[in-house]
Amino acid sequence: MNMKTKTWLNLSVASTLALSLGHGLATAQDAETADEEARRFGTVTVTAQRREQSALDVPLSVSAFSGADLEATGAVDITSIQRATPNATIEVARGSNSTLIAFIRGVGQQDPLWGFEPGVGLYVDDVYIARPQGAILDVFDIDRIEVLRGPQGTLYGRNTIGGAIKYVTSRLDSEPDLKAKLNVGTFNQADIILSGSTPLSDTFAVGGAIAKYSRDGFGENLTTGAEHYDKDVLAYRVSAEWSPSSDFFVRASYDRTEDDSNAKHGHRLLPSQDGTIPVTSDVFDTRAGLGDDNSVETEGYSLTAEWTVNDLVTLKSITAYREGETVTPIDYDALPQPDFDVPAVYADDQFSQEFQLLYSGDRLNGVAGIYYLDGNANGAFDVILGGLGVTVFQAGDQTKENFSIYGDFTYDFNDQWALTVGGRYTEDETTADVTRESWLGIGSGSFDPSNTTSIFLGTQTDFDNLTRSDEEFTPRVSLSYKPTDNLNLYATYAQGFKAGGFDPRARADLDPLGLSEQGFGPEFVDSYEIGAKGSFFDNSLNLNAAIFFAEYTDQQITVQSGADSDNDGVNDTFVSSVFNAGESEYTGFELEGTWFINDLFTLSGNLGIIDAEITEILSADVNIADQFVTQNTPELQGQVSLNYTNDLGNNGEISVTGALSYRDEYFLFNVENPGFAPGTNTSFPQGGPALDPDSYTLADLSIVWTSPSEKYRLGLHGRNLTDEEYRVAAYNFAAPAPLGVDSAYSAFYGAPTTVTASLSVDF
């Protein structure tokens, strides 16, 4: 732990202690109107524990963002919440506009390939989304987004070892409703969003929403002339709700997203090896030659039924099916020639069924349930190394069958003390096929059957019907103490678990011990958290603080590198290694607060501090952990925002929000990438710049006018107003030796300055 981290953590402890001891300043809540309460507390109701609760009463770290809050700040998609969430990385994956990369408290999954499971669970209306493709959900027609930090294995099950993100859509109105929104802005942005619902009877209603997002690229593909970093997305959902009585509710829904944005190929940071093609002057430009046609399609069906049996018991069933397909060209070297080009196709589908029993008594409240998931993910791609005249074909299939039973209950000993005890038993079975072939020529006949010119050389991996089973019980215990109605002090212990699997890039011919055929094992976490949530000074100041320590065992780590198969000094293939790191430790502090200064001004902010370290990786009984780092985990990040809201009487209401968000420097991979010095790489003797991002600060400003009737809303939203250049992802196959002739050494960047004007009409 370095000195800066120690200093911040000492301040963190002091802040939490001060918050805990300051409960004497809290007073009973005065009588307030509904509008005043909503302004002061925002989204006070969350479902982090699978039942509706006040956020103050939930003994875990959760950030909630209402649909109105997101609209007021000009949020377009789910990645916007990263700035307002402590210790979270929520970004678009490299090469795509709609693939999600999520890390919470240092845990996630960088590689979205089909054999790897995310470490942060994504849920849409309590339906688990198993694959990251198409998971960059656009913000429209939603009630709220919740971010649960820390392992959520008891209530949410598989792959929530780092946390969970919940996307909650709005229920249909009891009266006919129609809303329209138009966005226009820089880069020829033109979005239109329509939503509405209508009751067809006293018990039955239908509704839907459709959104079309369109924007030119931030840059250009200088080889093809296509827009680069553009957006072309169509998303829609329809639903029907039936409520024959106050005790029974059924909701059927369907959603679909079609992302036809051009492929993102990245900004190459090195000139071509022969020096004829320089680095582009604009980081949003590329020279990729593989093509721009990219397609991501996802759709899902769900059926939710709730029956309130009596005042104590409610039964709930959630049935869902989802599927998706991705066709994408990945040009790793970002140059015109067909070298290190990867055309790829991915597909996935899943069926899930969950039954819940919710109990609500005077002292005992909680939920018990059974969960089942049957999901499949598969894909195929060519690695075309045209400069060497060879191609590697890679394909595979992975099926996950998951069964679990869980329970989580809170007992209130009295008005002050409460104990929460939960546990989940999980059985996870993985079945996988892995195929790898080598071909002489440009492309393979296995990926493209019309290719009759390439020559098959041999099979390097042919795994069929590999299986492994993992099972685990994960408990949770929380103790809460409320010295006043407005202050909750809690301590929580939770375990998390993520099942093992098989490397979809496994290379059997270079694995004499057969380790890749055995697969990689599960990872585990023991998490400890103490926190405080309170409202002070007549509810004008709301603060949430938490200190956490997480100890991970057998954390799954993926490393890829070039390889020289014929010992001629040139990397003509690649190898992938997936292994379980022995031990990792994550210690941190989180603070979220809102200060209602007066009737006009509101100050909000959040702070996340984390010291993340891999402490043990054994190789031949030697600890080599110092060669590895934790990825996508800034040591320090936070945001501060100031809102001015003024009631203009007959002239409506004006709201102005300015925000500054900061992210410390961090690592993009599990291996540090500080660049390489001149003379250390024979192919690029001039050396190469660092890939890992520097720290950066983003400035945003939103101005929103609402008409007196609240029928019309005009907004002006500026994001990244200082035009900060910041890196969010990269490819690194240049050091110490390249793969292919020119290698892959390129980066992807967050959006430049954008300005959007919006008009919303509630008919």
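The values are calculated or read from the model by the stated rules, or taken from the named source; none is laboratory data. Only a predicted model underlies this, so the values are computations on that prediction, with no experimental measurement involved. Counting neighbours? That spans all protein chains shown, and the Cβs are built from the backbone with ideal geometry, glycine included.
Report yes if some residue within segment 112-130 is touching a residue at least 40 places away in the same chain (Cβ under 8 Å), hydrophobic (A, V, I, L, M, F, W, C) and more than 23 Å from ASP255 (Cα to Cα); otherwise report no.
Yes, that holds for at least one residue.
From the set of residues in segment 190-201 that are buried (at least 19 other Cβ atoms within 10 Å of the Cβ) and not acidic (Asp, Glu), which is nearest to ALA757 (Cα to Cα)?
Result: ILE193.
Look through SER540, SER516 and report the one residue that is closer than 25 Å to THR399 by Cβ and of a type in the set (Ser, Thr, Tyr).
SER516
Restricting attention to segment 374-382, does a residue exist that is among the small types (Gly, Ala, Ser), under 23 Å from the mean Cα position of the chain (by Cα) and under 30 Å from ASN732 (Cα atoms)?
yes
Take segment 494-523 and flag every residue that is in contact with an Asp or Glu (Cβ under 6 Å, 6 or more places away or on another chain) and within 16 Å of GLN109 (Cβ to Cβ).
PHE497, LYS498, ALA499, GLY500, GLY521, PRO522, GLU523
Please work out which residue is nearest to the chain's Cα centre (by Cα), limiting yourself to segment 460-474 and to residues that are surrounded by 14 or more Cβ atoms within 10 Å (Cβ to Cβ) and not hydrophobic (A, V, I, L, M, F, W, C).
Per the stated criteria, the residue is THR474.
How many of the residues in segment 279-329 are aliphatic (A, V, I, L, M) and closer than 29 Å to ALA240 by Cα?
Looking only at that region, the number is 9.
Anything in segment 624-645 that is among the aromatic types (Phe, Trp, Tyr) and crowded, with 17+ Cβ neighbours inside 10 Å? List them, or say none.
PHE628 - this is the single residue of segment 624-645 that is among the aromatic types (Phe, Trp, Tyr) and crowded, with 17+ Cβ neighbours inside 10 Å.
Scan segment 74-94 for residues that are among the polar types (S, T, N, Q) and buried (at least 23 other Cβ atoms within 10 Å of the Cβ) and report the count.
Residues that pass the stated criteria total 3.
Taking segment 56-70 on its own, how many of its residues are under 8 Å from ARG144 (Cβ atoms) and either outside any strand (DSSP E or B) or at pLDDT below 85 (or both)?
Of the residues in segment 56-70, 1 are under 8 Å from ARG144 (Cβ atoms) and either outside any strand (DSSP E or B) or at pLDDT below 85 (or both).
Look at segment 677-713 and say how many of its residues are among the polar types (S, T, N, Q), under 30 Å from PRO112 (Cα atoms) and crowded, with 19+ Cβ neighbours inside 10 Å.
Number satisfying all stated conditions: 1.
Looking only at segment 202-249, which residues are surrounded by fewer than 17 Cβ atoms within 10 Å (Cβ to Cβ), touching a residue at least 40 places away in the same chain (Cβ under 8 Å) and among the β-branched types (Val, Ile, Thr)?
THR203
From the residues in segment 571-610 that are at pLDDT 95 or above, under 27 Å from the mean Cα position of the chain (by Cα) and hydrophobic (A, V, I, L, M, F, W, C), which one is farthest from GLU517 (Cα to Cα)?
LEU603
Could you grab me the full set of residues in segment 483-494 that are part of a strand (DSSP E or B) and either out of contact with any His (no Cβ under 9 Å at 6 or more places or on another chain) or among the hydroxyl-bearing types (Ser, Thr, Tyr) (or both)?
THR484, ASN488, TYR490, ALA491, THR492, TYR493, ALA494
Could you pull out the residue among PHE381, PHE413 that is modelled with pLDDT of 95 or more, under 30 Å from THR459 (Cα atoms) and either in contact with a helix residue (DSSP H, G or I) (Cβ under 7 Å, 6 or more places away or on another chain) or among the aromatic types (Phe, Trp, Tyr) (or both)?
Among PHE381, PHE413, only PHE381 is modelled with pLDDT of 95 or more, under 30 Å from THR459 (Cα atoms) and either in contact with a helix residue (DSSP H, G or I) (Cβ under 7 Å, 6 or more places away or on another chain) or among the aromatic types (Phe, Trp, Tyr) (or both).
So, in segment 149-175, of the ones that are out of contact with any helix residue (DSSP H, G or I) (no Cβ under 8 Å at 6 or more places or on another chain) and either of a type in the set (Ser, Thr, Tyr) or part of a strand (DSSP E or B) (or both), which residue ends up surrounded by the fewest Cβ atoms within 10 Å (Cβ to Cβ)?
Across segment 149-175, the extreme among qualifying residues is SER174.
Out of (1) closer than 27 Å to GLN356 by Cβ; (2) among the acidic types (Asp, Glu); (3) not in a strand (DSSP E or B), what's the single condition that is false for GLU146?
Checking GLU146 against (1) closer than 27 Å to GLN356 by Cβ; (2) among the acidic types (Asp, Glu); (3) not in a strand (DSSP E or B), the one that fails is (3).
For segment 310-395, which strands (runs of 3 or more DSSP E) that fit wholly inside it have 1 or more residues that are free of Cβ contacts under 8 Å to residues at least 12 places away in the same chain?
none
Of all residues in segment 136-185, which are charged (D, E, K, R) and within 26 Å of VAL206 (Cα to Cα)?
Selection gives ASP138, ASP141, ASP143, ARG144, GLU146, LYS166, ARG171, ASP173, GLU175, ASP177, LYS179, LYS181.
Counting only residues that are aromatic (Phe, Trp, Tyr) and crowded, with 17+ Cβ neighbours inside 10 Å, which one in segment 646-668 is nearest to ILE609 (Cα to Cα)?
Filtering first and then ranking leaves TYR666.
Residue by residue through segment 494-527, note down the ones that are within 24 Å of the chain's Cα centre (by Cα), within 28 Å of ALA550 (Cβ to Cβ) and not small (Gly, Ala, Ser).
GLN495, PHE497, LYS498, PHE502, ASP503, PRO504, PHE520, PRO522, GLU523, PHE524, VAL525, ASP526
If you take the residues in segment 495-523 that are hydrophobic (A, V, I, L, M, F, W, C) and part of a helix (DSSP H, G or I), which one is farthest from ASP382 (Cα to Cα)?
Selected residue: LEU515.
Filter segment 622-655 for residues that are closer than 27 Å to THR89 by Cβ, touching an Asp or Glu at 6+ places or on another chain (Cβ under 6 Å) and charged (D, E, K, R) and give the result.
If the condition is that a residue be closer than 27 Å to THR89 by Cβ, touching an Asp or Glu at 6+ places or on another chain (Cβ under 6 Å) and charged (D, E, K, R), then GLU635 is the only one that fits.
Looking for something under 25 Å from the mean Cα position of the chain (by Cα), in a strand (DSSP E or B) and aromatic (Phe, Trp, Tyr) - is there at least one such residue anywhere in segment 291-306?
yes
Scan segment 714-738 for residues that are within 25 Å of SER604 (Cα to Cα) and crowded, with 21+ Cβ neighbours inside 10 Å and jot them down.
Those that are within 25 Å of SER604 (Cα to Cα) and crowded, with 21+ Cβ neighbours inside 10 Å: GLY715, HIS717, ARG719.
Looking at the structure I just gave you, is ASP202 among the charged types (D, E, K, R), out of contact with any Lys or Arg (no Cβ under 6 Å at 6 or more places or on another chain) and within 20 Å of GLU306 (Cβ to Cβ)?
yes
Can you confirm whether ALA252 is at pLDDT 95 or above, under 15 Å from ARG322 (Cα atoms) and out of contact with any Phe, Trp or Tyr (no Cβ under 6 Å at 6 or more places or on another chain)?
Yes.
Where in segment 692-740 are there strands (runs of 3 or more DSSP E), lying wholly inside it, with at least 3 residues that are farther than 14 Å from SER655 by Cα, touching a residue at least 40 places away in the same chain (Cβ under 8 Å) and of a type in the set (A, V, I, L, M)?
Here the list reads 727-732.
Just the residues that are buried (at least 20 other Cβ atoms within 10 Å of the Cβ), out of contact with any Gly (no Cβ under 8 Å at 6 or more places or on another chain) and modelled with pLDDT of 90 or more, please, taken from segment 493-548.
GLY531, ALA532, LYS533, SER535
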